[in-house]
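Written below as structure tokens is the structure these notes are about.
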Amino acid sequence: MVFSYQFDIAGIMVILTSLICAWIRPGLIKNFSIYLKLIIVLSILYNILDIVTSVLLQFKKPGTWLITYIFLILYFLVLFMFPYRATLYFYELCGEKINPLILRGSLALMLLLATFGQFFFNFFFKLDRNTMEYIHGAGFYATFIYYLICVFSVGDCAIKHKRYLGKLRLRLLLAILVITIINVIYQLILPEQSITGLVIALSVAMTVVVFCFVDVTVDELTGLNNRAGFIRACDELMHNQDMHGYSMIKIQVYHMQELNERTGMENGDKVLLMLANNVKYCTDIAKKKSVCGRIGGDTFAILTDSEISITTLSKTTETDIVQNPFTGMDYAVSFYAGGYRLEEGDTDIDSMLDHAGYALKWVSGNFKTNVAFYEDEIRHEDEHRKSVEQKVRNAISDREFKVYLQPIYNSMTRERVSAEALVRWIDSRNQMINPADFIPILEKNGFITELDLYVLDEVCRMLKSWRDKGIEVVPVSVNFSRVDVDHPSIVDDIIATVDKYGLEHSLIKIELTESAFNDNMSLIINVLQKLHDQGFPIMMDDFGSGYSNLNMFKDMPVDIVKIDMYFLRNIENSEKGMIVLESVVHMAKRLGLQIVVEGVETQQQYDYIRKLRCEMIQGYYFAKPMPSEIFPDQVTAG
Ligand code: C2E
Ligand code: CA
Ligand code: CA
């Protein structure tokens, strides 16, 4: 018997472990369904009652019968409630309705028997007065049948919803089944020693651990599906029914980050919860089965039939719904939604989300409406973007990108001291496509890093071949996009490329545009510092065009600034333009930076720049960007 206590105490320990898990992620336990919470409570109760009854059964005295009976009844009540609740929870998890007759009926019967059966006909056990031992009654076999009913219900539901449950949960279920079978066998061999408490505790603990840490499909904040849960639920829905008339809708809070910053994270969370309720409501009232989830920090998604989707959208995107509850909040919250109407043969959930996302993006830049579907103009635009992407992919492999060089001159001696590498796309029909037409697209899809490294490689190859031929080389600056900085191996890739050609690092200047300097400053500083430490000169392009925090210069490893050509456009007829340019130049000088002025087109501008004593000049007045083959011949300006 001592043996059996150990098991029960072990059971309690396991439950405690699972509670600690839940404590570590309180958001998740809060959002656990009421059924799962009840299961946890019942399993704790079960373990306590199991110990108490085992102790009471030891006394075997007629005097303690009544109290023993009462505790045993409690014990049996919990014992029968437990699998029922667990089954209910499982049905809820799969979005399935319980079969009221079989399951509820058998629970009711068992509860009745547990309460009264013992009194009238020693249903569960009786005390053999000769041996003073307890003997099993018919109730034990009834319990067994009742358990089997629960197990079959769960099994049937699991087979039906195999797709939604996924591998992990099915394995969990299988593991629970196996330990339950072991328990039954154990009980048959050693009837006096119970490990049922341990088995129940283990099952609950495993479930909690799997749902809390391993297979998290629920969003902690809102209790809706998270991205993984949503995709799983969509997959199941699509697999089980005809999706004709359905739409995938993505909804986003407008400027969530700003909202958080201005009104605090707590209000941000409130807004998310409100939107979550709205989304949930729309899913619940849908005629056909719909699923929803929070698939990103500020983004929700619904897969629903489109009859109601328009009302759904207008409901969830009405600005004033959210404004009212927060008095004192001076921030108008609004939502945007983009939708995609499913077509015959659509199966890829990611691409549905992509389409809806594209419509959403489109709508967020549009002031007239806050709802749009992936149709007509939007679809056309997206298809264009995709075709450019495809062309770029081919262009990289077909080497259609050419590197042009625009010389940079010393403003006093007119000697060529440097050059900027500018990419040109010469397509298969020999037409030149300007960077402005494809760079923004490549920045969006991340291809830009590949292209920038390709340009760097070409530049290094050129410099190396000139050097091998005895031609004098000048440092060349290579443009890097803001997006490149996010690339985890960008520093290593740059170093490896330059080292591959055995060139000194000072020959390659890293040119990053000023607008990039505002984004994620610490990451940018980190990347630039590493490159600077490696001996690459760092240049800030389009200086003065952005809205940089001037204060940041003290932390920036910048060597050269390139003054934006916009300033020159302004000076010719404008006194004020001159003042601005002069003060920008003055500041750069005081910070000890070298200066390049770009976009110099006229003699007049050139004279003016010379007066300002800026070291270097780049512009059409001296030379336009040229194919690299003719670059070695253009040594001096004009
Ligand atoms: P940017 O880096 O500011 O490059 C200077 C742009 O000004 C170039 O345009 C150049 O041809 C043009 N330019 C030079 N002198 C003059 C002048 O006197 N007057 C006028 N009006 N324009 C002048 P381009 O080559 O069309 O490049 C446009 C932008 O595309 C570049 O602006 C840069 O941001 C981007 N870009 C070009 N090549 C690359 C590249 O390899 N990688 C990345 N990430 N971006 C690149
Ligand atoms: Ca540049
Ligand atoms: Ca520039």
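The values are calculated or read from the model by the stated rules, or taken from the named source; none is laboratory data. Computed from a predicted model, the values in this text were never measured in an experiment. Cβ placement follows ideal geometry from the backbone for every residue including glycine, while neighbour counts extend to all protein chains displayed. Side chains are part of the model used for accessible areas, which takes the heavy atoms of the whole protein and leaves out ligands, DNA and RNA. Shrake-Rupley method; radii C 1.70, N 1.55, O 1.52, S 1.80 Å.
Counting only residues that are part of a loop (DSSP other than H, G, I, E, B) and under 32 Å from the mean Cα position of the chain (by Cα), segment 426-475 holds 1 of them. For segment 356-381, how many residues are closer than 11 Å to GLY338 by Cβ and part of a helix (DSSP H, G or I)? Total meeting the criteria: 10.
For (1) among the acidic types (Asp, Glu); (2) surrounded by fewer than 16 Cβ atoms within 10 Å (Cβ to Cβ); (3) more than 50 Å from the chain's Cα centre (by Cα), each residue gets a yes or a no:
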{"residue": "LEU109", "(1), (2), (3)": "no, yes, no"}
{"residue": "LEU113", "(1), (2), (3)": "no, no, yes"}
{"residue": "LEU148", "(1), (2), (3)": "no, yes, no"}
{"residue": "LYS167", "(1), (2), (3)": "no, yes, no"}
{"residue": "LEU173", "(1), (2), (3)": "no, no, no"}
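Which condition does SER203 not pass, out of (1) open to solvent by 60 Å² or more (accessible area, probe 1.4 Å); (2) within 30 Å of ILE24 (Cβ to Cβ); (3) within 31 Å of the chain's Cα centre (by Cα), if it passes all the others? Going through (1) open to solvent by 60 Å² or more (accessible area, probe 1.4 Å); (2) within 30 Å of ILE24 (Cβ to Cβ); (3) within 31 Å of the chain's Cα centre (by Cα) one by one, SER203 breaks only (1).
Using the structure shown, decide if LEU507 is free of Cβ contacts under 8 Å to residues at least 60 places away in the same chain and in contact with a Leu (Cβ under 8 Å, 6 or more places away or on another chain). Yes; evaluated as a whole, the condition is true for this residue.
Criterion first (touching a Leu at 6+ places or on another chain (Cβ under 6 Å) and open to solvent by 70 Å² or more (accessible area, probe 1.4 Å)) does LEU74 satisfy it? Considered against the rule, which asks whether it is touching a Leu at 6+ places or on another chain (Cβ under 6 Å) and open to solvent by 70 Å² or more (accessible area, probe 1.4 Å), LEU74 comes out as yes. On the basis of being touching a Lys or Arg at 6+ places or on another chain (Cβ under 6 Å), open to solvent by less than 30 Å² (accessible area, probe 1.4 Å) and modelled with pLDDT of 80 or more, does ILE249 make the cut? It is false that ILE249 is touching a Lys or Arg at 6+ places or on another chain (Cβ under 6 Å), open to solvent by less than 30 Å² (accessible area, probe 1.4 Å) and modelled with pLDDT of 80 or more. On inspection, ASP493 does not qualify as more than 18 Å from PRO625 (Cα to Cα), open to solvent by 30 Å² or more (accessible area, probe 1.4 Å) and free of Cβ contacts under 8 Å to residues at least 24 places away in the same chain.
For segment 582-599, a residue qualifies if it is touching a helix residue (DSSP H, G or I) at 6+ places or on another chain (Cβ under 7 Å), under 14 Å from GLU615 (Cβ atoms) and within 15 Å of ligand 3 (Cβ to nearest atom), and the qualifying residues are ILE595, VAL597. Out of LYS386, LYS402, one residue alone is open to solvent by 60 Å² or more (accessible area, probe 1.4 Å) and either in a strand (DSSP E or B) or acidic (Asp, Glu) (or both). It is LYS402.
The residues of segment 226-239 that are touching a helix residue (DSSP H, G or I) at 6+ places or on another chain (Cβ under 8 Å) and either under 15 Å from ALA286 (Cβ atoms) or not acidic (Asp, Glu) (or both), listed by number, are ILE231, ARG232, ALA233, CYS234, MET238, HIS239.
Could you check, for segment 360-373, whether at least one of its residues is hydroxyl-bearing (Ser, Thr, Tyr) and at pLDDT below 90? Yes, there is a match, as at least one residue in segment 360-373 is hydroxyl-bearing (Ser, Thr, Tyr) and at pLDDT below 90.
Every test in (1) within 16 Å of ligand 3 (Cβ to nearest atom); (2) open to solvent by 40 Å² or more (accessible area, probe 1.4 Å) is passed by GLU514 save one, and that test is (2). The requirement of being small (Gly, Ala, Ser), out of contact with any helix residue (DSSP H, G or I) (no Cβ under 7 Å at 6 or more places or on another chain) and open to solvent by 50 Å² or more (accessible area, probe 1.4 Å) is fulfilled somewhere in segment 52-70, by at least one residue.
I'm checking my understanding of the structure. Among residues of segment 391-428 that are acidic (Asp, Glu) and in contact (Cβ under 8 Å) with a residue 60 or more places away in the chain, which one is farthest from ILE609 (Cα to Cα)? Only one residue tops the list, namely GLU420. Going by what's in this entry, would VAL459 be described as at pLDDT 90 or above and within 16 Å of ligand 3 (Cβ to nearest atom)? So VAL459 fails the test. Suppose we filter segment 150-165 for residues that are open to solvent by 90 Å² or more (accessible area, probe 1.4 Å) and either modelled with pLDDT under 80 or not aromatic (Phe, Trp, Tyr) (or both); how many remain? The number of residues fulfilling the criteria is 4. Set side by side, the residues VAL596, VAL561 differ, and just one is within 16 Å of ligand 2 (Cβ to nearest atom), under 18 Å from SER411 (Cβ atoms) and either basic (Lys, Arg) or touching a residue at least 60 places away in the same chain (Cβ under 8 Å) (or both), which is VAL596. Taken over segment 502-511, residues that are surrounded by fewer than 21 Cβ atoms within 10 Å (Cβ to Cβ) and outside any loop (DSSP other than H, G, I, E, B) amount to 2. When residues in segment 405-423 are screened for being away from ligand 2 (no atom under 14 Å from the Cβ) and either among the charged types (D, E, K, R) or open to solvent by 30 Å² or more (accessible area, probe 1.4 Å) (or both), 7 of them pass. For segment 447-481, a residue qualifies if it is without any contact (Cβ under 8 Å) to a residue 40 or more places away in the chain and not hydroxyl-bearing (Ser, Thr, Tyr), and the qualifying residues are ILE448, ASP452, LYS464, ARG467, ASP468, LYS469, GLY470, GLU472, VAL473, PHE480.
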